[in-house]
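What follows is a set of notes on a single structure, which appears directly below.
The values are calculated or read from the model by the stated rules, or taken from the named source; none is laboratory data. Since this is a predicted model, take the numbers as computed values, not measurements. Here the Cβ is made from the backbone with ideal geometry for all residues, glycine too, and neighbour counts use every protein chain on show. Side chains included, ligands, DNA and RNA excluded: accessible areas come from the protein's heavy atoms. Shrake-Rupley method; radii C 1.70, N 1.55, O 1.52, S 1.80 Å.
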There are 2 protein chains.
Amino acid sequence: MIDGTAHADQRNALDDAGPGPRSGCPVLPARGPVRPLGLAHATITGGFWGSRQDVNATATLAHCESWMERVGWLANFDRVAEGSTAPDRPGWSFSDSEVYKLIEALCWEAGRSGDAAAETAIKRLTARVARAQDSDGYLNTCFGHDRQPPRYSDMEMGHELYNTGHLLQAATARLRTVGEDDLVKVARRAADHVCRTFGADGVPAICGHPEIEVGLAEFGRALGVDRYVEQARLFLERRGHGTLRDVPLGRGYFQDDLPIRQAGVWRGHAVRALYLTAAAVDVAVDRADDELLTAVQRQWRRSVARRTFITGGMGSRHQDEGFGEDWELPPDRAYCETCAGVASMMVSWRLFLATGDTRYTDLIERTLFNVIATSPSSDGKAFFYANPLHQRVPGPPTDETQVSPRAEAGTRAPWFDVSCCPTNVARTLASLAGYLATTDGDSLQIHQYAPSTIRADLPGGRQVAVRVETDYPTSGSIRVHVTGDAAQPWTLALRVPAWAAGARLVEGGRTRPVEPGMVTVRRAFRAGDVVRLDLPMQPRFTWPDRRIDAVRGCVAVERGPEVLCVESLDLPHPDLLHALEIDPSVPPSGHTDGARVRGRLVAHPDNDWPYAATPTAGDPVDGGGDAGWFEVPLRQYHSWARRGPTGMRIWLPTAHREPATGQKTPAR
Amino acid sequence: MIDGTAHADQRNALDDAGPGPRSGCPVLPARGPVRPLGLAHATITGGFWGSRQDVNATATLAHCESWMERVGWLANFDRVAEGSTAPDRPGWSFSDSEVYKLIEALCWEAGRSGDAAAETAIKRLTARVARAQDSDGYLNTCFGHDRQPPRYSDMEMGHELYNTGHLLQAATARLRTVGEDDLVKVARRAADHVCRTFGADGVPAICGHPEIEVGLAEFGRALGVDRYVEQARLFLERRGHGTLRDVPLGRGYFQDDLPIRQAGVWRGHAVRALYLTAAAVDVAVDRADDELLTAVQRQWRRSVARRTFITGGMGSRHQDEGFGEDWELPPDRAYCETCAGVASMMVSWRLFLATGDTRYTDLIERTLFNVIATSPSSDGKAFFYANPLHQRVPGPPTDETQVSPRAEAGTRAPWFDVSCCPTNVARTLASLAGYLATTDGDSLQIHQYAPSTIRADLPGGRQVAVRVETDYPTSGSIRVHVTGDAAQPWTLALRVPAWAAGARLVEGGRTRPVEPGMVTVRRAFRAGDVVRLDLPMQPRFTWPDRRIDAVRGCVAVERGPEVLCVESLDLPHPDLLHALEIDPSVPPSGHTDGARVRGRLVAHPDNDWPYAATPTAGDPVDGGGDAGWFEVPLRQYHSWARRGPTGMRIWLPTAHREPATGQKTPAR
């Protein structure tokens, strides 16, 4: 395991050894112990994520543009340009941000693949957006024009700066892949307007939905304009002092209850909390603000330990799309918004780059396979917004023609009234190669495993390159082929996930067990050298902390990085998902796309009142085997409901006797 | 147990034997197997509910009026009268209804006690309300006047007819206790306006929040004006056909998704669902509509069996203040709005009057002791809005000077932005004697036990009277003293609650065991005769149906009709409520105000990730006893947080071994 503190002294030495400004990095801190490799250096060539990138490129991007045209969110820009605004316009006040997130996704896609259609779409959309920009740089289709509310008249819920933040992230993607263009010019004018309006001498306000902070910080980095980073810092420091008006959900909803340096845990709206935290890491790193960085690490640690679902999903409450209390992790009402998964990745990647700690890249893998991969349908044209861990009643069939008014339905929807998730998935998939690998001195570090090519510039002008071959996570065999000779030794470092007890490394004809963390091989590699990491892919039981009340008496099954689930349509009686109990004394047996466990359906009597003087007993339903026991198939959670509406559960009740009243409880 | 069907044939015979129009009945159906006794015939003279009625009369009623003055909801009526309305006014669109519910509470109070202050307040408030009524009978302070939105321009969320419904309920209370007065005149004009506007030839609309239906039905009954009952029927039949526009929470939110005759279960906003159902029973009974009555009974049965908390509380979701799916009953996020408890009583009392089935009066008792009694503080000046079954983190201290913007806080609040619950508690407590007893032929039936006097007019002009002496639920001994001689035999019938296994009846020198249901004693009673019912008050464990995922592996403790709970401030380590586990092999020991169980605190390690390959083991914290075991005190749930902010839980995790992987599970 890399020790983050050991690298603190190296920071200055690394400052000038980083990747170039147009190397396609989704995040590029001014300093840090490890340096990211962007799309210019890492390419996913196939496999689990390659096919998802293909679907994203060939279906999702056009799907998003076409829906935004259809529902009028693109035309909102035209109306501003043409002076035909009205009190009512299509879409919520944050619909502009969807256009910007789509542009960002297109920028990464064009950078990744050089796709001409993506390039054309960027220009087409940029032109429409640019025409709506006011002469002073203000750009918003909901406020500030004829018959609209005045600019910045609803800081709590108006989302104006939130929208601008996404514009800056889109422009950053452009800068990191292509360089200055019209989009960047529009973004510059918008950022300058924000700095003039809300700078140290300006209005001391903040936006109810954080995002401008991370947009400014990264845009400032990408342009080398420190004023933008400074404005991000100002917004961060202003927050948490009751700067916004109170709302029925309380100021914790938008993290204005406590200064971020003082907070001990994430609370309130999950996406808000996480976008804010991402910006805090950016500012902390670039300003060498160790107090702030430590505060964020503390919040991450408690929030991940006590407020995060086994899928990596965050957000326990529908009411405010927010975190709950510690240990409040209900599988059925888990919100786990797809966007919160994206935002969690943004935070963890930044913290990894700031510390080199594999806890962060472990959580990224979990979130990728169990939140990000879960949202889109196979064809990339329908999405989950919320990602619950338990669906009691199958949802309605997906209607490909209708906007879903609701975040939750049990089936994927083509578009939503609040349609933040599709474009967030799109920008994440298009930029995914940027999360695969880093360098640390003369080490090449690989964090996420996919068929890929990775090259890196190590100190001293040395170039190294590898090709990763794997069908992970179908199997756990990851073969890293070195594709060039090296005169001097360098280090290949591979992440061994925390779940991978029993992993082995095969290199130079030797096999050795390796522990979770980073495993390293150092030598003067020759072209053709292969280092193989074998991760154990036998499905395994996973038990919850006993303080998580909502899943007491249950166990989950995981296989590699994937959480598995039971779908009711795989049961002999699909209407009896609620009657399933499994035998945890028989370990799960393995499949490449799931597992099987020993279980049975125990039907319970339908009493008039569901509380009784003795524990309810049930009768096993015939499942074809002994006393009702049968082999229960489990599949990857990310594939649930792909075969149609179904009930589903990740946490499976275990069969055991409740201690009967009057009977001696066994000692623990 | 009374068999509801056996009474169907008696309906016609009973039609003319009912109580008089001014006998103070909260509900007075045109027909039914049993006939209610109102405030004119039943009086609570002390004890648990008597003291709560006193606090209600001496503190809560004035508290409500003073807060409504302070927050401007009363002045809203003055502004309409004076023509000084404005686009913004204090309060939500339903704040008028709070004034009406207060008037209703005052009417019952004046009827119950003849209190002169209540009588004065009724006149004072009625005068202010009356001045705001438009010449055509329309009465609303939020719509239809200068610079306000037009009348009935927001049927989904405008609450205009909802407000009117509460006005009619207030006037009904007046009619049932005093008779015609200015309040009734105002209500008549309002009801006539509604019938003209929304009648069979009028606008075929409905109100997003049901209430006008039950208001019209009961007002029509009280006045003998069938047109009002018919209008209630029209509103009921119009609902469920997508009559209202869709909302983000879906049409199920306001029960416009399915016609009530077709629905199988309650869903959506709980108070809406229950007010609607109350009206459906009224219409079904008065119109002898057995199909509708059967539909409601079916909905009650499934909703109580699968969507109701052990407290009787209803509403599993904060998001929509609504019911969840079957078995979705999370203790920590239980909403259990106080108003839903009131509404549940309204439904169950109507169903009891329509069927004579004690399942309904059993649920009323449970709801009274564990929802209605839980809401108000001891001094009657602060209230719970939501009634969760588990509070992880103590709430803030009650601030007696501030309106709470939120329904949930873990402490009682003096007033709320949405302050429906205080006045709902007030009207229920003031009219509570009306739920104690009924007659059925020549039977006097007693359903709820409190120190009280009850007299009844039996067929044939016979009058009977009893005095009930009890300190129930402190003890389970209920002594019914007959206070007059009878020439002919009559029947005294007493409800034996479903929880009361082992109950005994003592009469005529004999003691006999009695089963849950109605136990009867028939004879020509003499003055001084005593019938004693002894209900078993030993605290008892209660186990949940195994399909309630959220409380798997837990047990609750009840004593008599009261659900008990652990408060963290009673633990040796108040911060370790989450570490409590109890030994269900040792039955709870009894106290008059609670119980004790054997338990211990098991501290769990703070891991970075709360999911692991083996079940977490913990270390017992020193509790003073053997291996950490100690006597854990439990108190009545309705008294929780009365000693200050505290954690709390009703469902207690049981100590038992999780079956370890590789270990044989015991056969069931």
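Quote the charge dipole size of the protein assembly as shown about the Cα centre in Debye, to the nearest 20; the model charges only the Cβ of Lys and Arg (+1) and of Asp and Glu (-1).
Charge dipole, the protein assembly as shown, about its Cα centre: 1680 debye, nearest 20.
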Taking 51 Å as R0, compute the FRET efficiency from the Cβ-Cβ separation of A:ALA617 and B:VAL530 and round it to 0.05.
0.75
Here the net charge surrounding B:SER431, from other residues whose Cβ is less than 10 Å away from its Cβ (Lys, Arg +1; Asp, Glu -1), is +1
Positive-end residue, the protein assembly as shown charge dipole about Cα centroid, Cβ charges, pick of B:CYS25, A:THR172, B:GLN133:
B:CYS25
Can you sort A:ARG427, A:ARG251 by 1.4 Å-probe accessible area, starting with the largest?
A:ARG251, A:ARG427
Does region A:309-386 classify as rounded, prolate or oblate by the C-alpha gyration tensor (a ≥ b ≥ c root eigenvalues; a/c under 1.5 gives rounded; else a/b over b/c gives prolate, otherwise oblate)?
oblate
For B:ARG301, net neighbour charge (Lys/Arg +1, Asp/Glu -1) across residues whose Cβ lies under 10 Å away:
+2
Kindly report the accessible area of the protein assembly as shown per residue (heavy atoms of protein chains, probe 1.4 Å, no ligands, DNA or RNA), in Å².
32
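How would you classify region B:46-243 from its alpha-carbon gyration tensor, with a ≥ b ≥ c the square roots of the eigenvalues: rounded for a/c under 1.5, else prolate if a/b is greater than b/c, otherwise oblate?
oblate
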Using alpha-carbon positions, the gyration tensor of chain B gives root eigenvalues a ≥ b ≥ c; with a/c under 1.5 called rounded, otherwise prolate if a/b exceeds b/c, else oblate, the class is oblate
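Please give the FRET efficiency for A:GLU69 paired with A:ARG523, using the beta carbon to beta carbon distance and R0 = 56 Å, rounded to the nearest 0.05.
0.50
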Taking every residue of B:553-559, the Cβ atoms of other protein chains inside 10 Å of its Cβ average out to 3
Considering only protein heavy atoms, with the full assembly of protein chains and a 1.4 angstrom probe, order B:ARG462, A:ARG188 by accessible area, largest first.
A:ARG188, B:ARG462
Simple SL model, points at 7 angstrom along Cα→Cβ for B:ASP78 and A:GLU291; separation in nm is 5.1
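What fraction of the DSSP beta bridges in chain A is antiparallel, stated in percent and rounded to the nearest 5?
Taking every DSSP beta bridge within chain A, about 90 percent pair in antiparallel fashion.
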Aspartates and glutamates near B:LYS123 by alpha-carbon distance under 14 Å, same-chain residues fewer than 8 away left out - which ones?
B:GLU65, B:GLU104, B:GLU109, B:ASP115, B:GLU180, B:ASP181, B:ASP182
When the helix-only estimate is applied to chain A (DSSP H runs of n ≥ 4, each -39,500 (n - 2.57), divided by the residue count), what is the mean residue ellipticity at 222 nm, nearest 500 deg cm²/dmol?
-9500 deg cm²/dmol
Taking a point 7 Å out from Cα toward Cβ as the label site, list the nm distances between B:SER66 and the same residue in every other copy, smallest first.
6.6
Which whole number gives the average, over all residues in A:578-589, of C-beta atoms from other chains lying within 10 Å of the residue C-beta?
3
Under 8 Å for C-alpha pairs, at least 6 residues apart: give me the relative contact order for chain A, rounded to a whole percent.
13
How charged is the neighbourhood of A:LEU234? Take every other residue with its Cβ under 13 Å from the Cβ of A:LEU234, and add Lys/Arg as +1 and Asp/Glu as -1.
+1
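Within a 10 angstrom radius of each residue's Cβ in B:316-327, how many Cβ atoms of other chains show up on average? Whole number is fine.
3
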Student exercise, chain B dipole from Lys, Arg, Asp, Glu Cβ charges, in Debye to nearest 20:
1260
How large is the Kirkwood hydrodynamic radius of the protein assembly as shown, counting all unique pairs of alpha carbons, in Å?
33.5
Expressed as a whole-number percentage, the relative contact order of region B:45-115 with C-alpha contacts under 8 angstrom and at least six residues apart is 33
For region A:441-534, what is the convex hull volume of the alpha-carbon atoms per residue, in Å³?
85
So, in nm and shortest first, the distances from B:ARG128 to its counterparts in the other copies, with label points 7 Å along Cα→Cβ, work out as 5.4
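Could you pull out the longest piece of chain B with no exposed loop GluC sites (Glu not before Pro) in it, calling a site exposed if DSSP puts it outside H, G, I, E, B and it has at most 15 other Cβ atoms within 10 Å?
Formally, the longest exposed-site-free interval is B:401-668.
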